[in-house]
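Worksheet: one structure, shown below.
We did not get these values from a lab; they are worked out from the coordinates using the rules stated. Being a predicted model, the structure only gives us computed values, none of them experimental. Positions of Cβ are backbone-derived with ideal geometry, glycine not excepted, and every protein chain shown enters the neighbour counts.
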Amino acid sequence: MIERFVTLKTSKVAPPKLLEEVLMVTRTTVPGAEVVKQLEASSALGEVLASGLKTLNTNPRCSDADLHDSMESTGRLVAHRLERYLNALATIASAAPLMGLFGTVVGMIEIFGSQSSNVATGGNPAQLAHGISVALYNTAFGLIIAIPSLIFWRYFRARVDEYLLTLELAAETLSRHLNNLRR
């Protein structure tokens, strides 16, 4: 969770003013390789936008589709990086309560198995109560792990989806801008 908080900062993924700056820099011409390299290293959004500029630097007569495809393929790579560890977090959120329940069931089986088979003497109520409380701790620990995992998985999933939409809209805006620039 800590790694996702650090990695999914807005400044590292989609700085708010970056698209405006790129549009200003490309108002009259496509910037050179050094500027594109700096843009690419700046953030995930910069990486997507830089891929379109690289395509134009490599082939100034490329088609609109080629320009769009280059930014789209880079966007897929960036999306994959943004979604990193989210499946693991979802798996933990799903499996933790089941592991707690499994521990509870095993504990209950052990408790009832350890009780005296002689019905006349009965079992030790204190031992039974202690055993049940230990078995229920398993469920509690499973939930203590599962609940925060589920909450943060949903939070990070929503955040990544928001970033991906921002990246997609910015790429479309830059693509239209660069196509108008070439005409």
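A few remarks follow.
- Gain in span if fully extended, Asn180 to Thr7, counting 0.36 nm per residue against the direct Cα distance: 58.8 nm
- Per-residue ellipticity at 222 nm, computed for the chain from helices alone with -39500 (n - 2.57) per DSSP H run of at least four residues, works out to -27500 deg cm²/dmol.
- Multiplying each eigenvalue of the alpha-carbon gyration tensor of segment 31-87 by 5 and taking the square root yields semi-axes of 23, 15, 5 Å, largest first, rounded to whole angstroms.
- Of the DSSP H helices in the chain, those whose Cα atoms cover at least 18 Å axially and whose Kyte score averages 1.0 or more: 86-114
- Lys37/His80 FRET efficiency (R0 22 Å; Cβ-Cβ; nearest 0.05): 0.50
- Rough spin-label spacing in nm, given labels placed 7 Å along Cα→Cβ, for Glu21 and Leu98: 4.6
- Among Leu67, Leu165, Leu49, the largest mean-square fluctuation in a Gaussian network model of the chain, built with springs joining Cα atoms closer than 10 Å, belongs to Leu165.
- Residue of Pro125, Pro16, Pro148 that the Gaussian network model of the chain assigns the largest fluctuation, springs spanning Cα pairs under 10 Å: Pro125
- Exposure proxy ranking, count of Cβ atoms within 10 Å, fewest first, for Val6, Val106: Val6, Val106
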